[in-house]
Amino acid sequence: MGIATINPATGETLQSFEPLTEAEIEAKLDLAEKAFVDYRKTTIGQRAEWMNEAARILERDRENFAKIMTLEMGKPIKAAIAEVEKCALVCRYYADRAAEFLADVPAATDASQSFVRYEPLGAILAVMPWNFPFWQVFRFAAPGLMAGNVGLLKHASNVPQCALAIEEIMKQAGFRAGVFQTLLVGSDKVAGIIADDRVKAATLTGSEAAGASLAAAAGKHIKKTLLELGGSDPYIVLESADLEAAVSTGVAARMLNNGQSCIAAKRFILHEAIADEFEKRFLAKFQALKIGDPMNPETDLGPLATPDILQDLDRLVQECLEKGAKVLTGGKPLSDRPGNFYPATILTDFVPGSPAESEEFFGPVALLFRVANIDEAIARANAIPFGLGASAWTTVEKERDRLISELEAGAVFINSLVKSDPRLPFGGIKRSGYGRELGVQGIHEFVNIKTVWVK
């Protein structure tokens, strides 16, 4: 796959980019190493000034950055603007909190003085996906750079203009040359970059296969990794739930980013007492969604990012139908227009062995399951290789406590959709990955946690 901007709403190739040569990669790695020597000595206050300026640039030019996102990967323009604003939020969060998060932590021992100190590691490689092309990068860059590391971004090959724009934002904000660089390279170069002694660690958000590949390459060289991978998040609605709120939020949770989100609600697990009514209301809201030009602020559902993603999604849908599943709405790509458009789709009545039980449906497809009680709901939710997020709806305190304790996920949201928030750690368990971004835990992922003992 080449590095290019291809409008997913039309299929038109708008701009192509030449990948970096080996010599150019070498020069960028050398620049990163040299930049780190000086950058690690800057004060947290100085880094905060630059990070706050990045936030100001993001907010000032939010519409322009949003248009780049929508043009490259099809996100509805309203959602793209909100994404840019969220990036400014995370920049300000770490600018404000880094001094607190990185302060020495005293420990009471028999030493004259003992404490824990947090120190930067060096150049961190970030392999980032196309689905949130600004947010995924800034939730790495804000804590990473505030900790004193320097960043190397290998972005998805279908969002090169986003990648270059982010590098330019950091330059305009005042970060010195080499502190944050975009590497326009294909995935075939990742293992070699990780192997380089100048790269100290790596973070990846993406597919299971990509995560396994990166972790294997880093493991050969004893380098730390953080992985945020796939998800097939459950959305449990029990008998006591506020049904209208659960339905409305469920639609938003499934359609986030045209359904292309790791933490989107994908498996709707409904108590049989409310299942019919939920299904009726849910279907009506799905059928009312406006699909079309993602640049139109009235559009609810835009195109999928690439033809391959559309084909993979449709393959899973058709496998479900061949095994006896029922389609309530949608169920096949739209052929009346160019681009990668897939309608809002609802599937139900699955048989054992269906892809709905084990695969991630990365697009606007909701999978509806019925259960008789909370025991079945929790068992169904956990019967998946993934463990990223879980949403559950109940007004019964005992049920809430069981759901919080027993759902196997990195995050459990009660009576709300799953979302990332700079103030809280974000990440998964099982095949959804390991490590945490955001919160105080996020800034501590890529530091040397140094024990100091003075006698």
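The values are calculated or read from the model by the stated rules, or taken from the named source; none is laboratory data. This is a predicted model, so every value here is computed, not measured. Every residue, glycine as well, gets a Cβ built from its backbone with ideal geometry; the counts of neighbours run over all protein chains shown.
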*Kindly indicate whether any position in the stretch 274-289 is assigned by TED's automatic domain parsing to the domain that holds Ser335, out of contact with any Leu (no Cβ under 9 Å at 6 or more places or on another chain), farther than 22 Å from Lys326 by Cα and surrounded by fewer than 24 Cβ atoms within 10 Å (Cβ to Cβ).*
no
*Output the residues belonging to the stretch 1-49 that are over 19 Å from Gly192 (Cα atoms), of a type in the set (Val, Ile, Thr) and either in a helix (DSSP H, G or I) or out of contact with any strand residue (DSSP E or B) (no Cβ under 7 Å at 6 or more places or on another chain) (or both).*
Thr10, Val37, Thr42, Thr43, Ile44
_strands (runs of 3 or more DSSP E) completely within the stretch 355-425 that count 1 or more residues being without any contact (Cβ under 8 Å) to a residue 40 or more places away in the chain, touching a Ser or Thr at 6+ places or on another chain (Cβ under 6 Å) and hydrophobic (A, V, I, L, M, F, W, C)_ = 411-414
*Can you name every residue in the stretch 318-354 that is assigned to a helix (DSSP H, G or I) and closer than 26 Å to Lys430 by Cβ?*
Glu319, Cys320
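If you check Phe362 against the conditions, is it within 29 Å of Asp293 (Cβ to Cβ) and crowded, with 21+ Cβ neighbours inside 10 Å?
In short, yes.
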*Filter the stretch 1-49 for residues that are among the hydrophobic types (A, V, I, L, M, F, W, C), without any contact (Cβ under 8 Å) to a residue 24 or more places away in the chain and either on the phi > 0 side of the Ramachandran plot or loosely packed, with under 12 Cβ neighbours inside 10 Å (or both) and give the result.*
Ala23, Val37
*Matching option when the condition is touching a residue at least 24 places away in the same chain (Cβ under 8 Å), touching a strand residue (DSSP E or B) at 6+ places or on another chain (Cβ under 7 Å) and either within 30 Å of Thr395 (Cβ to Cβ) or not assigned by TED's automatic domain parsing to the domain that holds Asp401 (or both), among Asp233, Asp196*: Asp233
_So for the stretch 75-85 (the condition being within 22 Å of Pro160 (Cβ to Cβ) and out of contact with any helix residue (DSSP H, G or I) (no Cβ under 6 Å at 6 or more places or on another chain)), does at least one residue qualify?_
yes
_Pick from the stretch 290-307, criterion among the hydrophobic types (A, V, I, L, M, F, W, C) and outside any strand (DSSP E or B), ranking: surrounded by the fewest Cβ atoms within 10 Å (Cβ to Cβ)_ = Met295
_Go through (1) closer than 20 Å to Ala381 by Cα; (2) outside the structural domain of Thr395 (by TED's automatic domain parsing); (3) touching a helix residue (DSSP H, G or I) at 6+ places or on another chain (Cβ under 6 Å) for Leu204 and report which single condition fails._
(1)
*Just need a number here: residues in the stretch 440-455 that are part of a helix (DSSP H, G or I) and either surrounded by fewer than 19 Cβ atoms within 10 Å (Cβ to Cβ) or over 26 Å from the mean Cα position of the chain (by Cα) (or both).*
3
*Name every residue in the stretch 50-67 that is buried (at least 22 other Cβ atoms within 10 Å of the Cβ) and either closer than 20 Å to Asn131 by Cα or free of Cβ contacts under 8 Å to residues at least 60 places away in the same chain (or both), in order of residue number.*
Ala55, Leu58, Phe65, Ala66
*Check off (1) farther than 20 Å from Ala288 by Cα; (2) without any contact (Cβ under 8 Å) to a residue 60 or more places away in the chain for Leu334 and give me the number that stays unchecked.*
(1)
_Unmet criterion (only one of (1) within 23 Å of the chain's Cα centre (by Cα); (2) part of a helix (DSSP H, G or I); (3) touching a residue at least 40 places away in the same chain (Cβ under 8 Å)) for Ala88_ = (3)
